[in-house]
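Colleague: Please see the structure below; I have some questions.
The values are calculated or read from the model by the stated rules, or taken from the named source; none is laboratory data. Treat the numbers as computed from the prediction; the structure is a model and nothing was measured. All Cβ positions, even for glycine, are placed from backbone atoms using ideal geometry, and neighbour counts span all protein chains on display.
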Amino acid sequence: MQILSAENAKVFSENIWKENPIFRQILGICSCLAVTNLVFNTMIMCAGLIFATVMSNLLVSALRNYIAGRIRMIAQVVLIAVSVTVVDLLLKAFLYDVSKQLGAYVGLIITNCIVMGRAEVFAMKNSPWPSFWDGLGAGIGYSIVLLIIAIPREILGFGTLMGYPIMSQDWISWNIMIMPPGAFFMLGILIWIVNSTGKKVGHDEK
Amino acid sequence: MSEIHPLIIFIAAIFTNNILLANFLGMCSFIAISKTLKASVGLGTAVVFVMAITTPVSWIIYYELLVPLELEYLYFLIAIMVIAGIVQLVEIILERYSPALYYTLGIFLPLITVNCAILGACLFFVVRNYNFMQTVAYGIGSGIGWAIAIIGMAAIRRRLRFAHVPPALEGIGITMIITGIMALAFSGFAGVVSIQ
Amino acid sequence: MRNYINMICFLLLLSIISAIILTAFNVQTKDLIDLNRQQERILHILKAMRVMSPEVEQALKQDRELQNMAVSTEIEQFQHEAKLLERLQHHLKQQTPEHLSKLFADNITVLEINPRENYAVVLYTGKEFVELPSQAIDYMHNLYIFKMHRPDGDLYTFEIAGAGFWDKVSGYLTLRSGLRKISGITFFDHKETPGLGQRIEEGWFQAQFTIWQKEVLKPNTNKIALHVTRRNGLYDGDSQKKSINEVDAITGASETSRALDKFIPENLDRTFRILGKVLGNESVQKFLDPDTLEILKQYSL
């Protein structure tokens, strides 16, 4: 079995653009807002999210035949919460500095609709290996959108990019871009641009 | 324990410290369901109900069970289970008594389980050291605040149907921008009342 | 009906297994995590009190970012102070935990008050304190005050903690003898919004307290009040012209700023009251210098 069969590759790549979690399903907005005012923080959050989505997809997929219909949401949430908490504890014990960076995001990752959404829609109906690729794709798709939002926010809001000053000394920062409403505006504008290219955002909500 | 009067917390939780517009919790369903007014009212009511019950129950479990036994680390897990249980209850009631609403809400009813707002409310009262009455006031207030926000947004989106919105911005795009404006408006309330 | 019972059994099983897994991990990692936390606290106490070993001083002298800063105008001095605080934290972090523990042991004495056991007082030397097992140091319930003796006046460091916008914010506040003037401040644990509330960690925010010798008492009174208010000046932290017990808030982070405004005085008030209760204790009288003892007498009424 090659490492990436045609189907799995399709599953992976679709999640990045065509079925992108933010554009297609409008999921995962909450965390999107607070985090994206600094590119560096966005990367950390995205790394955590990719990891959590992949792990949760694997776990849910492995147990999918034992989880009855009605209680699937609760079961998924419990599995996600436990795995993310365990990772958080391990980080605090062995990589304390990294855990400090991620600390604020742990709660945001656990309740992130994307993790739940992928578990519900894909992992419950597919075997672990495709679910792995689905989770990875969704996570990466989400990260790309977040980074696209974060870059203008940091440049306009702080005048820096990844901490390096980009704007001149006299630049007066656009505080609105640092605050959460700025994220909304950026996301709205981004959706405007994406829609103008022909791809319909939020089309077909299942 | 903090000494702010529960009534103040109640009013603040609705207006000045609105859990959706000031803390930005509970956005996913907010954006999706506010398309129809009827569904928003339904979801809003469900959330009020769930929040009003979950926060006091979590308080009791946290302070009467987990703290004396030094099991605080289990709180997150237990809060999720309590929320899930109550949402399940609401689902059953709705399916029985209002099937139309049940189908309109679709996946977003069980998604109340992961609604960041409810989990957030359960975590906030721990950090802010609220006593029981304050928690009750906060739970009901937050729920009503969330409901008002989503109903407000649904009402605005309804009006938008008659406004001239650029085609590419219709739907989600303009909703985002309006949410941004609403959030900006509510950030003017920040600090008016201190409830922590 | 049978379905329901099956589901509930499954859920019960899942919750019990989850609880067991969480408990197992918690027990295994507790000691390590406590140790990490303890080391972090020691670092921040040293930073707040500006305790430096020769290695740290040397590193600061050779620090390229600090060297090239002009210090002629007020703004430049402020920016230098802000940078100094950040670099000090950085260089302290570069040292090994043993080095920091020794630095702590050599310079600091610790007073522990246990309100739950009738305000029992224990006085530790720095060495005894760092050698306590981390479980024995109960920051949740006991009160700890750290002192550094200096010829030009003792410094006392108090813990400050309270509810921030998202979660608990914890830090240290260092006051000079007389408990009026601020000598240092630092925050080591918080979950505030990155880019907004998280800026309490930044040098400029903390420098305001130290470079202009802000006070924790209302001018001309003995009432504890520290205000974090809207920025009036030209740059972040331009609070020199503000009242002596007032500093700039963080633009866009009103809730975090208001939280600090509220809990710093509350913490100090609580600590001073408890100290007031134990002034008669021999260890306390050895710990505090005469000026400070005098000021605290008003809290024992």
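Quick grid of which residues meet (1) under 30 Å from A:Gly69 (Cα atoms); (2) facing chain A (nearest Cβ under 10 Å):
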{"residue": "B:Leu109", "(1), (2)": "yes, yes"}
{"residue": "B:Ala117", "(1), (2)": "yes, yes"}
{"residue": "B:Gly120", "(1), (2)": "yes, yes"}
{"residue": "B:Ser142", "(1), (2)": "no, no"}
{"residue": "B:Ile178", "(1), (2)": "no, yes"}
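Colleague: Cβ-Cβ below 8 Å, separation at least six or inter-chain, first residue in the stretch A:116-142 and within 26 Å of A:Met43 (Cβ to Cβ), second of a type in the set (A, V, I, L, M) and part of a loop (DSSP other than H, G, I, E, B): which pairs?
Modeller: Pairs that qualify, where the first residue is within 26 Å of A:Met43 (Cβ to Cβ) and the partner is of a type in the set (A, V, I, L, M) and part of a loop (DSSP other than H, G, I, E, B), are A:Gly117/A:Leu27; A:Trp133/A:Leu4.
Colleague: Separate question: I'm checking my understanding of the structure. Among residues of the stretch B:62-76 that are buried (at least 19 other Cβ atoms within 10 Å of the Cβ) and hydrophobic (A, V, I, L, M, F, W, C), which one is farthest from B:Gln134 (Cα to Cα)?
Modeller: B:Leu74
Colleague: What is the one condition in (1) of a type in the set (Val, Ile, Thr); (2) crowded, with 22+ Cβ neighbours inside 10 Å; (3) touching a residue at least 60 places away in the same chain (Cβ under 8 Å) that C:Val278 does not satisfy?
Modeller: So C:Val278 meets the others, but not (2).
Colleague: With the requirement that a residue be facing another protein chain (nearest Cβ under 9 Å), surrounded by fewer than 17 Cβ atoms within 10 Å (Cβ to Cβ) and among the aliphatic types (A, V, I, L, M), what does the stretch C:22-34 give you?
Modeller: C:Leu32
Colleague: Okay, moving on. Helices (runs of 4 or more DSSP H) wholly in the stretch A:10-111 with at least 3 residues that are more than 8 Å from every other protein chain (Cβ to nearest Cβ) and among the charged types (D, E, K, R) - which ones?
Modeller: It comes to none.
Colleague: Got at least one residue in the stretch A:122-144 being of a type in the set (Phe, Trp, Tyr), under 13 Å from the mean Cα position of the chain (by Cα), within 14 Å of chain C (Cβ to nearest Cβ) and buried (at least 19 other Cβ atoms within 10 Å of the Cβ)?
Modeller: Within the stretch A:122-144, not a single residue is of a type in the set (Phe, Trp, Tyr), under 13 Å from the mean Cα position of the chain (by Cα), within 14 Å of chain C (Cβ to nearest Cβ) and buried (at least 19 other Cβ atoms within 10 Å of the Cβ).
Colleague: Another one. Tell me whether the stretch C:151-165 contains one or more residues that are surrounded by 21 or more Cβ atoms within 10 Å (Cβ to Cβ), at pLDDT below 95 and not in a strand (DSSP E or B).
Modeller: Yes, that holds for at least one residue.
Colleague: Within the stretch C:41-74, track down each residue that is out of contact with any strand residue (DSSP E or B) (no Cβ under 6 Å at 6 or more places or on another chain), within 14 Å of chain A (Cβ to nearest Cβ) and closer than 16 Å to C:Leu100 by Cα.
Modeller: C:Arg41, C:Ile42, C:Leu43 - these are the residues of the stretch C:41-74 that are out of contact with any strand residue (DSSP E or B) (no Cβ under 6 Å at 6 or more places or on another chain), within 14 Å of chain A (Cβ to nearest Cβ) and closer than 16 Å to C:Leu100 by Cα.
Colleague: Then there's this: Condition check: without any contact (Cβ under 8 Å) to a residue 12 or more places away in the chain and closer than 27 Å to B:Phe24 by Cβ. Does C:Pro290 satisfy that?
Modeller: no
Colleague: Out of C:Gln58, C:Gln38, C:Gln89, which single residue is exposed (fewer than 15 other Cβ atoms within 10 Å of the Cβ) and part of a helix (DSSP H, G or I)?
Modeller: So the residue among C:Gln58, C:Gln38, C:Gln89 that is exposed (fewer than 15 other Cβ atoms within 10 Å of the Cβ) and part of a helix (DSSP H, G or I) is C:Gln58.
Colleague: So, one more: Would you pick out the residues in the stretch A:146-181 that are part of a loop (DSSP other than H, G, I, E, B) and crowded, with 22+ Cβ neighbours inside 10 Å?
Modeller: A:Met179
Colleague: Could you please tell me which pairs satisfy a Cβ distance under 8 Å, a separation of 6+ or placement on different chains, a first residue in the stretch A:66-77 that is at negative phi, and a second residue that is of a type in the set (Ser, Thr, Tyr) and crowded, with 23+ Cβ neighbours inside 10 Å?
Modeller: Pairs that qualify, where the first residue is at negative phi and the partner is of a type in the set (Ser, Thr, Tyr) and crowded, with 23+ Cβ neighbours inside 10 Å, are A:Met73/B:Thr113; A:Ile74/B:Thr113; A:Gln76/A:Ser56; A:Val77/B:Thr113.
Colleague: Restrict the check to the stretch A:188-201 and report whether at least one residue is at pLDDT 80 or above, out of contact with any helix residue (DSSP H, G or I) (no Cβ under 6 Å at 6 or more places or on another chain), surrounded by fewer than 22 Cβ atoms within 10 Å (Cβ to Cβ) and of a type in the set (Ser, Thr, Tyr).
Modeller: Taking every residue of the stretch A:188-201 in turn, at least one turns out to be at pLDDT 80 or above, out of contact with any helix residue (DSSP H, G or I) (no Cβ under 6 Å at 6 or more places or on another chain), surrounded by fewer than 22 Cβ atoms within 10 Å (Cβ to Cβ) and of a type in the set (Ser, Thr, Tyr).
Colleague: Of the residues that sit in the stretch C:242-301 and are aliphatic (A, V, I, L, M) and within 14 Å of chain B (Cβ to nearest Cβ), which one is nearest to C:Lys181 (Cα to Cα)?
Modeller: Only one residue fits best here, namely C:Ile264.
Colleague: Please go through the stretch C:166-179 and give me each residue that is without any contact (Cβ under 8 Å) to a residue 60 or more places away in the chain and outside any strand (DSSP E or B), ordered by number.
Modeller: Once the filter is applied, which keeps residues that are without any contact (Cβ under 8 Å) to a residue 60 or more places away in the chain and outside any strand (DSSP E or B), the stretch C:166-179 yields C:Trp166, C:Asp167.
Colleague: Still on this structure: Could you identify the single residue in A:Leu49, A:Leu59 that is of a type outside the set (Asp, Glu), in contact (Cβ under 8 Å) with a residue 24 or more places away in the chain and crowded, with 23+ Cβ neighbours inside 10 Å?
Modeller: One residue alone meets the criteria, A:Leu49.
Colleague: Just to be sure, is A:Tyr96 surrounded by fewer than 21 Cβ atoms within 10 Å (Cβ to Cβ) and hydroxyl-bearing (Ser, Thr, Tyr)?
Modeller: For A:Tyr96, the condition - surrounded by fewer than 21 Cβ atoms within 10 Å (Cβ to Cβ) and hydroxyl-bearing (Ser, Thr, Tyr) - is met.
Colleague: Quick check on my filter: what residues within the stretch C:41-52 are over 20 Å from C:Glu131 (Cα atoms) and part of a loop (DSSP other than H, G, I, E, B)?
Modeller: If the condition is that a residue be over 20 Å from C:Glu131 (Cα atoms) and part of a loop (DSSP other than H, G, I, E, B), then C:Arg50, C:Met52 are the ones that fit.
Colleague: Which residues, taken from the stretch B:65-84, are within 25 Å of the chain's Cα centre (by Cα) and either in a loop (DSSP other than H, G, I, E, B) or away from chain A (no Cβ under 14 Å) (or both)?
Modeller: B:Leu66, the sole residue that qualifies.
Colleague: Additional query: Which residue, of C:Val169, C:Val228, is β-branched (Val, Ile, Thr), under 12 Å from the mean Cα position of the chain (by Cα) and within 24 Å of C:Leu84 (Cβ to Cβ)?
Modeller: Going through C:Val169, C:Val228 in turn, just one is β-branched (Val, Ile, Thr), under 12 Å from the mean Cα position of the chain (by Cα) and within 24 Å of C:Leu84 (Cβ to Cβ): C:Val169.
Colleague: Ok, one more. Report the residue count in the stretch B:99-136 for those that are surrounded by fewer than 24 Cβ atoms within 10 Å (Cβ to Cβ) and of a type in the set (Gly, Ala, Ser).
Modeller: Residues in the stretch B:99-136 being surrounded by fewer than 24 Cβ atoms within 10 Å (Cβ to Cβ) and of a type in the set (Gly, Ala, Ser): 3 in total.
Colleague: Give B:Ala154, B:Ala183 a once-over and let me know the one that is at pLDDT below 90 and within 16 Å of the chain's Cα centre (by Cα).
Modeller: B:Ala183
Colleague: Now, a different point. Of the residues B:Leu66, B:Leu21, which is farther than 15 Å from B:Phe124 by Cα, free of Cβ contacts under 8 Å to residues at least 60 places away in the same chain and not small (Gly, Ala, Ser)?
Modeller: Only one candidate passes the filter, namely B:Leu66.
Colleague: Among (1) more than 18 Å from C:Ala249 (Cα to Cα); (2) surrounded by fewer than 21 Cβ atoms within 10 Å (Cβ to Cβ); (3) out of contact with any Pro (no Cβ under 9 Å at 6 or more places or on another chain), which single condition is C:Asn142 missing?
Modeller: Result: C:Asn142 passes all but (3).
Colleague: I've got another one for you. Scan the stretch C:108-134 for residues that are free of Cβ contacts under 8 Å to residues at least 12 places away in the same chain, closer than 16 Å to C:Val284 by Cα and in a loop (DSSP other than H, G, I, E, B) and jot them down.
Modeller: Of everything in the stretch C:108-134, just one residue is free of Cβ contacts under 8 Å to residues at least 12 places away in the same chain, closer than 16 Å to C:Val284 by Cα and in a loop (DSSP other than H, G, I, E, B), namely C:Asn118.
Colleague: Taking the stretch B:125-172 on its own, how many of its residues are out of contact with any strand residue (DSSP E or B) (no Cβ under 8 Å at 6 or more places or on another chain), in a helix (DSSP H, G or I) and closer than 30 Å to B:Val67 by Cα?
Modeller: Going through the stretch B:125-172 one residue at a time, the tally reaches 17.
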